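Worksheet: one structure, shown below.
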Amino acid sequence: MDPEIQKMREVILVYLDRSGGLQKFVHDCKKYNDSKQSYAVYRFIISINPSDIAELDATLGNYILHNPLQAAQIFQSVCFVAIKTLSLIEQLQTEAQISILLKPTHLPPLPSYVLSLSAYPFNYTSQRFYMSEGIVIAMGTVTKYTQGARFLCTEETCPFSEGRFRCIRVHCPGATESATVRTDFVCSLCSSPLQEDMKFRVLGDKQIVEMIDAKILNALKGYSIDKSHFRIQAFTLFLRDELANKMTIGNHYRIIGIPACVQNGLQMTACIEVNSVQLYKPNGPSFVSENFKYLLSLTSSSCWRFTAVLANIFASQVVPPGTYNTLKLAILLSLVQTCEKENSDYLDLLIMTSDPLVIDRLLNYSLCLLPRGIRHPPSSDIFPSVSKDKHGTGSASIQACSAVLAKGGICYIGDLSSYKKDKLELLQSVLESRTTTVFIPGKKYGEEADQQVTVSVQTNFWSFVDVDSSSKKHIQKENFLIGQMDVSLIPVNLVDGFGLLIYNEFPSCRLSSPVVHHTLKKAIHPEAMLYKVSQQFRTQDYEEFILFARNLHVELSSEAESLIQGYYLASRRVRRDSIHGSTLSASALKILISLAKAHAKLSLRQRVLEEDAVIAVLLLESSLTLKHGTSPLCVAPNPVFPFELSDENSLQQRDIYLMQCHHQLLKFISAYSPGIHINTNEE
């Protein structure tokens, strides 16, 4: 025996003893032994810490990292000796029956161990461990594969025709089913055909997943500050046994696996046999820029000023400061109210506009401030679809879509009036439940029964309606209440599904002079900084600010909660008709809370104050007025920004106005929701 191999065996035994791996191995053996059933293959998973192994023996550590299949054979021999010495599995006959899967806890943080899915050339020939990361864009259903099988020689006089486990086929990374089980194997002793003993076939679970480099998100934004070019290609992953269903479509993962090349007919497909899976969660910035800190200190005298200035100067690269302030504030609130957690607070925006080009540019620019901002291409599906797996299995594969790829971010779906009725109905269902169901017909995809897979949709939706274009497509209603807009082109329930309905301030028939001048200057000098504020508060500063603000954990104060509940109950009483009852949707309370929390985050506070609740109420009341007409609360057409913000005096006037709105709101609650107790401070 090679002395180096013998030394490695001794080190393996020492490592397993020290790390607790030997105790786990004995426990796994006990489960096999207690079953009293003979298997063709006994499968064991051994966790390996490369750092600890390298400290014990550098040669073995290097062997595991760069020759994992050969290293597994050394572990196999050690385990076989241990089983026989300690009589752990009585049914085990030969060493070939043991299948060892080595699982490294991590890999060295060096470039040579990282496999980039967008880099070329792709090194899939060296069958060693690599680490990679990407986003899951397609997932197949779980099917069966052969872990191992026993074969017997068809020649009766051959010793290999007896019922011993001499001819064993075991699955290797990247191998197809035909490499493990087929009919043309021959006996190594007499060259006669081998025949499988079906009683001893061992099956396992297999799932095929498509993953792609996270750079794909930059290509799907529709507009990007990063002008670099890169190659993107989806990659096939094989998840087996305990890893099946460990991934979720749309999530970002880090994996460790062994690359391989699989032949499917005339095509060769590079793939990765996954060894371990870890959900990847990038850390957000732990700071905001000094300019934002200084602005926060300057506006600390009022809870409303900081967000007002933020909205006023936001997106100065696209629209002039001071224009579209209500819309820009709503965009900022929606941006900070993004999260990948289930049952989060969502804030969807539907914009009624006569200037679709300007609004489209503004929304596109805002998308790029988030890692997961997706502009939906009209030619593809918004929600998941099903297709046949392209690797020859015939099983179903669920394809990701814009809404799933935008997980924890924004899905911008463009002009809502361009979608057909069935798409709008599906969108309405998703807005209400935040899930979508994919139907998989069993007959079509080789399954015994039909399946329904529920996919979570954790994103905010943005859309707009061009009122000039839509007015030509249908007959407008004649009877309107005061303040009400004609939104009859879009189903009422769908309009209610969006958190906020916003009508932008400058219709095209009286387009503001600053917007015209800005557009003309940008057309002549696209890269020019037209305003000083664009240099002081750069796009990168806003990116860091939003990522920091959205990770803040905020809690409702009792005062804010009472104000929100009081307004909600009062609105349900005043907004009703004799036929349908209350016109206020059941989701209005959630939207109010979401708006208030978002305003607190945008103010860099962790406690929702009454002032945040006032802004939330004014925004929602303005939205409800557009849908259903004015109420006894009777807010102005543009209640959050009633006039231009040009200096400190205008900010002071706005504070006085908002305090008056707060007082008016308290009177409204006491008049129409007398059961709610609100603390009022007399001045």
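The values are calculated or read from the model by the stated rules, or taken from the named source; none is laboratory data. It should be emphasised that the depicted structure is a prediction, and the values quoted were computed from it without experimental measurement. Here the Cβ is made from the backbone with ideal geometry for all residues, glycine too, and neighbour counts use every protein chain on show. Surface areas here come from the heavy atoms of the whole protein model, side chains and all, with no ligands, DNA or RNA. Shrake-Rupley method; radii C 1.70, N 1.55, O 1.52, S 1.80 Å.
Looking only at segment 512-530, how many residues end up being surrounded by 15 or more Cβ atoms within 10 Å (Cβ to Cβ) and either modelled with pLDDT under 70 or under 32 Å from the mean Cα position of the chain (by Cα) (or both)? So that I can check it myself, show each step before the final result.
Residues of segment 512-530 surrounded by 15 or more Cβ atoms within 10 Å (Cβ to Cβ): 512, 515, 518-519, 522, 530.
So of that shortlist, the ones also either modelled with pLDDT under 70 or under 32 Å from the mean Cα position of the chain (by Cα) (or both) come out as 512, 518, 522, 530.
Residues flagged as surrounded by 15 or more Cβ atoms within 10 Å (Cβ to Cβ) and either modelled with pLDDT under 70 or under 32 Å from the mean Cα position of the chain (by Cα) (or both) within segment 512-530 amount to 4.
For residue 647, are the conditions met, namely being under 17 Å from residue 310 (Cα atoms) and modelled with pLDDT of 90 or more?
On the way: under 17 Å from residue 310 (Cα atoms): yes; modelled with pLDDT of 90 or more: no.
So residue 647 does not fit the description; no.
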Conditions (1) open to solvent by 20 Å² or more (accessible area, probe 1.4 Å); (2) touching a Leu at 6+ places or on another chain (Cβ under 9 Å); (3) outside any loop (DSSP other than H, G, I, E, B): number failed by residue 232: (3)
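Take the conditions more than 30 Å from residue 613 (Cβ to Cβ) and among the hydroxyl-bearing types (Ser, Thr, Tyr) and apply them to residue 269. Does it pass?
Working: more than 30 Å from residue 613 (Cβ to Cβ): yes; among the hydroxyl-bearing types (Ser, Thr, Tyr): yes.
So residue 269 passes the test.
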Residue in segment 318-332 that is in the same structural domain as residue 434 (by the TED database) and within 30 Å of residue 248 (Cα to Cα) present: yes
Residue count, segment 144-164 (criterion: open to solvent by 40 Å² or more (accessible area, probe 1.4 Å) and under 46 Å from the mean Cα position of the chain (by Cα)): 1
Residues that are more than 19 Å from residue 145 (Cα to Cα) and either outside any loop (DSSP other than H, G, I, E, B) or open to solvent by 30 Å² or more (accessible area, probe 1.4 Å) (or both), drawn from segment 185-200: 186, 188, 189, 190, 191, 193, 194
Segment 644-666, subset open to solvent by 80 Å² or more (accessible area, probe 1.4 Å) and touching a residue at least 60 places away in the same chain (Cβ under 8 Å), residue nearest to residue 301 (Cα to Cα): 646
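Inside segment 190-216, can you point out the residues that are among the charged types (D, E, K, R) and more than 24 Å from residue 396 (Cβ to Cβ)? Steps first, answer last, please.
Going residue by residue through segment 190-216, those that are among the charged types (D, E, K, R) are 196-197, 199, 201, 205-206, 210, 213, 215.
The answer is 196, 197, 199, 201, 213, 215.
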Cβ-Cβ under 7 Å pairs, at least 6 apart or on other chains, segment 288-304 side in the same structural domain as residue 610 (by the TED database) and crowded, with 18+ Cβ neighbours inside 10 Å, far side of a type in the set (Ser, Thr, Tyr) and modelled with pLDDT of 90 or more: 303/603
Which numbered condition residue 482 fails, given (1) modelled with pLDDT of 75 or more; (2) β-branched (Val, Ile, Thr); (3) over 29 Å from the mean Cα position of the chain (by Cα); (4) open to solvent by 40 Å² or more (accessible area, probe 1.4 Å): (1)
Pairs with Cβ under 7 Å, 6+ apart, first in segment 82-93 and under 10 Å from residue 32 (Cβ atoms), second in a helix (DSSP H, G or I) and among the hydroxyl-bearing types (Ser, Thr, Tyr): 89/32
Test for residue 62: is it in contact with a Ser or Thr (Cβ under 9 Å, 6 or more places away or on another chain) and modelled with pLDDT of 90 or more: no
Test: residue in segment 337-344 that is surrounded by 15 or more Cβ atoms within 10 Å (Cβ to Cβ), under 20 Å from the mean Cα position of the chain (by Cα), in contact (Cβ under 8 Å) with a residue 60 or more places away in the chain and within 30 Å of residue 653 (Cα to Cα): yes
Filtered residue count, segment 1-55, keeping only those that are open to solvent by less than 40 Å² (accessible area, probe 1.4 Å) and of a type in the set (Gly, Ala, Ser): 3
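State yes or no: is residue 250 outside the structural domain of residue 384 (by the TED database), at positive phi and not charged (D, E, K, R)?
Values: outside the structural domain of residue 384 (by the TED database): yes; at positive phi: yes; not charged (D, E, K, R): yes.
So residue 250 fits the description; yes.
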For residue 610: the one exception among (1) more than 28 Å from residue 576 (Cβ to Cβ); (2) surrounded by 14 or more Cβ atoms within 10 Å (Cβ to Cβ): (1)
Any hit, segment 348-370, residues being among the basic types (Lys, Arg), crowded, with 20+ Cβ neighbours inside 10 Å and closer than 24 Å to residue 329 by Cα: no
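Looking only at segment 625-643, how many residues end up being of a type in the set (A, V, I, L, M, F, W, C) and open to solvent by 20 Å² or more (accessible area, probe 1.4 Å)?
Let us first name the residues in segment 625-643 that are of a type in the set (A, V, I, L, M, F, W, C), namely 626, 633-636, 640-641, 643.
Among the residues that remain, those that are also open to solvent by 20 Å² or more (accessible area, probe 1.4 Å) are: 626, 634-636, 643.
Final tally of qualifying residues: 5.
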